[in-house]
Amino acid sequence: MIFCVEDDSAVRDLMIYTLKTAGFKAKGFSDGKEFWAALRDKRPELILLDIMLPGEDGISILKKLRDSPLTSDIPVIMSTAKDTEFDKVIGLDSGADDYLVKPFGMMEMLSRIKAVLRRTTPKTGVVLSCGDILLDEGRHLVLVKGKPVSLTLKEYEVLKMFMENIDHVFTREVLLSKIWGLDFIGETRTVDVHIGTLRTKLAECGDMIKTVRGVGYKMEGTESEQENI
């Protein structure tokens, strides 16, 4: 199920029609109030979220989604007006997985949805561990000292990259390219922000992520393993 939050009824109807024609189940909502009511009954696979909405705007909705452990890992694609670079950066920094610039084509929308779903569908059977941190890809779950930690998708992907490459130093530019994509138009400070929130959420294990001055970041750990189950 894909939720489409768009106040323009003509655009919303076309998006829903296209999604259903492509084989997806989809529901449309004109504002945040309708969206939150539906979210209480159904968890979608992905959310298409317009930034400019009546009442509560898309950025506010996105931040609430990312702050809740029940919805923090739901992929979100933001739609923004043409030439609003600030909105794109704010949306991606707030945890959006991708964005569409209006007016966008329906084929581009489908392509981006499929790409995000490919990236966010967890692989089965791979468990990574480093010290007291465990990352279970099959369940898309992170545990610190046995307790679950709620991460946004980007925080999860950064942590996974570190845990797959213990002691490997990544520059900010490489992290930005690999996690956010080559066409990301934001700055490397986006990486710093996500590293900061990731360290905070990992609590006492956060200091395993080291800053390499003048270069970037790496994860240190004497105990690391990867096993297939």
Legend entry - DSSP bridge pairs, the chain: antiparallel proportion in percent, nearest 5: 55
Legend entry - Cα→Cβ-extended label distance, 7 Å offset, between Y17 and S111, nm: 2.2
Inset, instruction - Would you mind getting the accessible area per residue of the chain, heavy atoms of the protein chains only, 1.4 Å probe, in Å²? - result: 50
Inset, instruction - Would you kindly derive the ³J(HN,Hα) couplings of region 93-98 from the backbone phi angles with the Karplus curve 6.51 cos²θ - 1.76 cosθ + 1.60 (θ = phi - 60°), listing them in order in whole Hz, with x for Gly and Pro? - result: 5, 8, x, 5, 8, 6
Legend entry - Of K20/K63; K102/K154; K27/K63; K63/K160; K33/K114; K114/K154, those spanning more than 19 Å from alpha-carbon to alpha-carbon: K20/K63; K102/K154; K27/K63; K63/K160; K33/K114
Inset, instruction - Give a residue-ordered list of calculated ³J(HN,Hα) values for region 52-65 (Karplus: 6.51 cos²θ - 1.76 cosθ + 1.60, θ = phi - 60°; whole Hz; x for Gly, Pro). - result: 8, 10, x, x, 6, 7, x, 5, 4, 4, 4, 4, 5, 4
Inset, instruction - Per DSSP H run of at least 4 residues, take -39500 (n - 2.57); add these up for the chain, divide by its residues and hand me the 222 nm value, nearest 500 deg cm²/dmol. - result: -11000 deg cm²/dmol
Legend entry - Amide proton proximity set for T71, modelled H, under 5 Å, gap of 5+: none
Legend entry - Surface share of carbon and sulfur [accessible, 1.4 angstrom probe, percent] for the chain: 52
Inset, instruction - Read phi for every residue in region 161-171 and hand back ³J(HN,Hα) as whole Hz from Karplus 6.51 cos²θ - 1.76 cosθ + 1.60, θ = phi - 60°, with x for Gly and Pro. - result: 4, 4, 6, 7, 9, 4, 6, 8, 8, 10, 6
Legend entry - Sites R213 and A38 - FRET efficiency at Förster radius 45 Å, r taken between beta-carbons, to 0.05: 0.40
Inset, instruction - Classify the chain as rounded, prolate or oblate, taking a ≥ b ≥ c as the square roots of the eigenvalues of its Cα gyration tensor: rounded when a/c is under 1.5, otherwise prolate if a/b is larger than b/c and oblate if not. - result: prolate
Legend entry - Gained length - D192 relative to E220, 0.36 nm times residue gap less alpha-carbon distance: 8.3 nm
Legend entry - Net charge over other residues, Cβ less than 10 angstrom from the Cβ of L19 (K, R count +1; D, E count -1): +3
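The values are calculated or read from the model by the stated rules, or taken from the named source; none is laboratory data. As the structure is a computational prediction, the values presented were derived from the model and not from experiment. Methodologically, a virtual Cβ is constructed for each residue, glycine included, from the backbone with ideal geometry; neighbour enumeration extends over all protein chains shown. Please note that ligands, DNA and RNA were not included when accessible areas were found on the heavy atoms of the full protein model with its side chains. Shrake-Rupley method; radii C 1.70, N 1.55, O 1.52, S 1.80 Å.
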